[in-house]
Amino acid sequence: MQYIRWGFWILFWLLFASFAHYTLPQNDIVRVTGTEVIRKDFSGFSRLFYAQPDAGDSEAVNRDLRLINTTQANGRVMVYRNEDTGWGWPPYFKFDSSNVQAEASEYSSARGQEQWVAVRHYGWRNPFLSIYPNAIGFRVVDGPNANLGLPWFNIIFLTTFFGLVLAIWYRWRRFRAARIDPIIEDVQDGFDAAGDAVSSRGSRFKRWLDTWRAKS
Amino acid sequence: MALIRVAALGFVVLSVIYVLLSFSARAAFRRKLRREWDDERPTQDRDAFVKQGMEDYDASIRPKLFLGVYILPVCVVILMIYLTNFQ
């Protein structure tokens, strides 16, 4: 029972950690190398990793997807998608994906004349699922090792979240100690009393049996 | 439409938070008044003292401050829309 409980909570917090890692904003410093649009046929599972159609359009089985090709300072490439999140999840309220695409074209630079930009994004790149992180916006930075500062949003969000979790947990513990534990103890006392009664009856029966025994 | 769905869902969630907060704050204030009467033993009857205190509390600005539960998230959303799309 203890193992199941631990397993459940470890799994729960692992899921929460990956959810937060997917959803919370991060910054990468990259050089934009180009933009493109591909036709995307959404499959059942990986549909989860895409936003809905642009705010104002309707949902269809497939649609065009804007992509931004980038290269990082270490030479690795990263492809971002560029989709409106609109009023949906995650709540970035991004409506300007066309503008972001125009900015990406504006910042694209050739090798030797690098224009480094910090891409604010959320999501994961996974070639097996064909999913891309969603670029939220660009900020021009000095170089590939520019200091991006502290991730204030994530710090405030996670602190508030865990504060709330602790507050609820503390109240739940207090509630359980005051209201639920006494009931369980009561039931257990009842079982114990019944057990005592049965064993005392047993011994009485045994005493009665003993009366038939030959007295030694 | 997505905006209406977000607004409706937000209204329901925020209403639950608003009700929980304002009820627990009212109960805490009532407890405080009772303790106050126990400590000070004014000439006034205990129930009347608490009733008077609660009426003053309801008339004051403090319970109305909880309406910020509705206003604050709307401001945050407007700020986020500005920062994401117009910066």
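The condition of being under 30 Å from residue A:91 (Cβ atoms), surrounded by 12 or more Cβ atoms within 10 Å (Cβ to Cβ), within 17 Å of the chain's Cα centre (by Cα) and within 14 Å of chain A (Cβ to nearest Cβ) holds for only one of B:63, B:73, that being B:73.
Residue check: residue B:17 meets all listed conditions (1) in contact with a helix residue (DSSP H, G or I) (Cβ under 7 Å, 6 or more places away or on another chain); (2) away from chain A (no Cβ under 14 Å); (3) open to solvent by 50 Å² or more (accessible area, probe 1.4 Å) but one, namely (2). Within the range A:146-159, being under 16 Å from the mean Cα position of the chain (by Cα) and open to solvent by less than 80 Å² (accessible area, probe 1.4 Å) holds for A:154, A:155, A:158.
Where strands (runs of 3 or more DSSP E) fall entirely within the range A:7-117, those with at least 3 residues that are more than 14 Å from chain B (Cβ to nearest Cβ) and touching a Leu at 6+ places or on another chain (Cβ under 6 Å) are at A:26-41. Only one of the numbered conditions (1) closer than 16 Å to residue A:26 by Cβ; (2) in contact (Cβ under 8 Å) with a residue 12 or more places away in the chain; (3) under 27 Å from the mean Cα position of the chain (by Cα) is violated by residue A:76, and that is (2). In the set B:44, B:87, only one residue is assigned to a loop (DSSP other than H, G, I, E, B) and either among the aliphatic types (A, V, I, L, M) or under 30 Å from residue A:102 (Cα atoms) (or both); that residue is B:87. Of the residues making up the range A:21-57, those that are open to solvent by 40 Å² or more (accessible area, probe 1.4 Å), at pLDDT 80 or above and of a type in the set (S, T, N, Q) are A:26, A:27, A:33, A:35. Under the condition of being part of a strand (DSSP E or B) and within 14 Å of chain B (Cβ to nearest Cβ), which residue from the range A:123-177 is nearest to residue A:51 (Cα to Cα)? The extreme case among them is A:134. Evaluating residue A:120 against the criteria (1) under 23 Å from residue B:87 (Cβ atoms); (2) open to solvent by 70 Å² or more (accessible area, probe 1.4 Å); (3) in a helix (DSSP H, G or I) leaves one unmet condition, (3). Selection of the range A:129-145 for residues being open to solvent by 50 Å² or more (accessible area, probe 1.4 Å) and closer than 18 Å to residue B:85 by Cα yields A:139, A:140.
The values are calculated or read from the model by the stated rules, or taken from the named source; none is laboratory data. Predicted, not measured: the structure shown is a model, and the values here were computed from it. All Cβ positions, glycine included, derive from the backbone under ideal geometry; neighbour counts span all protein chains shown. Ligands, DNA and RNA are excluded from the accessible area calculation, which covers all protein heavy atoms including side chains. Shrake-Rupley method; radii C 1.70, N 1.55, O 1.52, S 1.80 Å.
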